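I have placed the structure first, in the form of structure tokens, so that the comments after it can refer back to it.
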Amino acid sequence: MNVYFHTFGCRANQYDTALVRQAFEHAGAAVVEDPAAADVAVINSCTVTHESEAKLGRLVRRLARRSGRLETVVMGCAAALDDGRIAGLPSVRAVLGGADPAQVLRAAGLGPHPLSPSPAYGPHPLSPSPAYGPHPLSPSPFGRGGTTGRFRGLLKIQDGCDEHCTFCAATLARGANRSRSIAELVEEARALAEQHAEIVLTGVHIGTYGQDRERGAGSGTLRSLGELLEALIEAVPEVRFRLSSIEATEVDDTIARLLIEAPRHLAAHLHAPLQSGSDRILKRMGRHWYTAGSYRARLEWLADRLPVFGLGADIIAGFPGETDADHRATLALVDALPFTYLHVFPYSERPGAAAARLPEQVAPPVVRERARELRELGEAKARAYRATRLGQRADGVVSGRGSGKVELLTEDYVSVYLPSNEWSGRARCEVTVR
Ligand code: SF4
């Protein structure tokens, strides 16, 4: 069987796809890059924006048109919330919420290995079921685990979220917070370190890592993201770790200390979702654990102590009830903080998310205009930050190659492009920002 994979959405999804892909390879399937050569397409879906679901529909239709024999399995978050629209797309063979490799294999017509009493590729390590035992792919579970390129690996530390932000359907799609054990993650990081110079810790709400275990769902030992980072750095000191998206107020003192004191081990970069600079709107969003003030205070404290600091944020423009004054409060906060890039999302209604039922929906042209203003400000700040870094030395890890150039990603999330003939050939090397 030839299988084609496509992933929409976040790094957690990329990681899930990598696991499913391994399971198919393990079952004897050939992974192909050209969908025309495939018997089955596996698409990992995302529900974060209306646009990502529209793209999913377009891709499935295009695949069906290009190859009459190809069947599609849709997995992931949008699949979990499907009201029949995805199942009704042409050539869709199955729609599966979640990312359990064994289920996806079965849906594609490949069962678990007949000689394996405990299936070699399922259930997913973060499946809500049985309590965090050894990873199903043990003893060498993730030798080729999630990857964002040849030298940057992904390590998914938890799945799910206990919050209920009114714009987000992640809790519905992915369930409650479930953390993997430190021992299992250290083992996986060691395997990833054999091939990767950087490992990105990913998940749905990584700042709550370990809190489910603290409540007794796992080993009963109190664990936190800071403790996990300390264990990982001790086990694989040669690797640079990077945090994917983390709530600013969940950067505890241990994480802050590692960012400040161990820049070779933990990249000086945070992507801290802001969503709005107005406390009134944050409340309507259900984001009760911070205010514009506490967000700002945590990041300013860190920025004062870090010589270089990549800082990004997600912002939603035009959330229901957002007034011009709320929007201006967001612009003012963005202006005041040392952001080096922004991800701006015009608000779009998500099926199942409570915000769709909120009064005072903002007119689409106003949403678009506010998004445009925020994006312009974000781009100006990105240019200004880059200008401050020009000519400075940085710790680069190769993140891509093409057109005679090598792209290196610095600790503070700046891309530097080197002509291939100037590259030392090492996955991690000092570069000058140009
Ligand atoms: S914290 Fe809010 S936005 Fe983030 S995954 Fe949880 S519910 Fe969604």
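The values are calculated or read from the model by the stated rules, or taken from the named source; none is laboratory data. What you are looking at is a predicted structure, and each value in this text was computed from that prediction instead of being measured. All Cβ positions, glycine included, derive from the backbone under ideal geometry; neighbour counts span all protein chains shown. Keep in mind that these areas ignore ligands, DNA and RNA; they rest on the heavy atoms of the full protein, side chains included. Shrake-Rupley method; radii C 1.70, N 1.55, O 1.52, S 1.80 Å.
Selection over the stretch 171-197 of residues that are within 16 Å of the ligand (Cβ to nearest atom), open to solvent by 20 Å² or more (accessible area, probe 1.4 Å) and out of contact with any Pro (no Cβ under 8 Å at 6 or more places or on another chain) gives a count of 3. Looking only at the stretch 353-383, residues that are touching a strand residue (DSSP E or B) at 6+ places or on another chain (Cβ under 9 Å) and either outside the structural domain of Asp326 (by TED's automatic domain parsing) or part of a loop (DSSP other than H, G, I, E, B) (or both) come to 1 in all.
Quick check on this structure: which one of Arg242, Arg223 is among the charged types (D, E, K, R) and within 21 Å of Gln14 (Cβ to Cβ)? After ruling out the rest, the residue left standing is Arg242. Residues in the stretch 300-312: is at least one free of Cβ contacts under 8 Å to residues at least 24 places away in the same chain, within 16 Å of the ligand (Cβ to nearest atom) and under 23 Å from Gln158 (Cβ atoms)? Looking for residues that are free of Cβ contacts under 8 Å to residues at least 24 places away in the same chain, within 16 Å of the ligand (Cβ to nearest atom) and under 23 Å from Gln158 (Cβ atoms), one finds none in the stretch 300-312, hence no.
The set of residues in the stretch 29-50 that are in contact (Cβ under 8 Å) with a residue 60 or more places away in the chain and not in a strand (DSSP E or B) comprises Ala29, Thr47, Val48, Thr49, His50. For the structure I just gave you, tell me whether Ser245 is within 16 Å of the ligand (Cβ to nearest atom), on the phi < 0 side of the Ramachandran plot and in contact with a Pro (Cβ under 8 Å, 6 or more places away or on another chain). The answer is yes for Ser245. The residues of the stretch 355-379 that are open to solvent by 40 Å² or more (accessible area, probe 1.4 Å) and more than 14 Å from Thr330 (Cβ to Cβ), listed by number, are Arg357, Leu358, Pro359, Glu360, Gln361, Ala363, Pro364, Pro365, Arg368, Glu379.
Considering the stretch 280-299, and only residues there that are over 14 Å from Cys168 (Cα atoms) and buried (at least 17 other Cβ atoms within 10 Å of the Cβ), the residue that is nearest to the ligand (Cβ to nearest atom) turns out to be Tyr290. Residues in the stretch 14-48 that are surrounded by fewer than 24 Cβ atoms within 10 Å (Cβ to Cβ) and under 18 Å from Ala169 (Cα atoms): Cys46, Val48.
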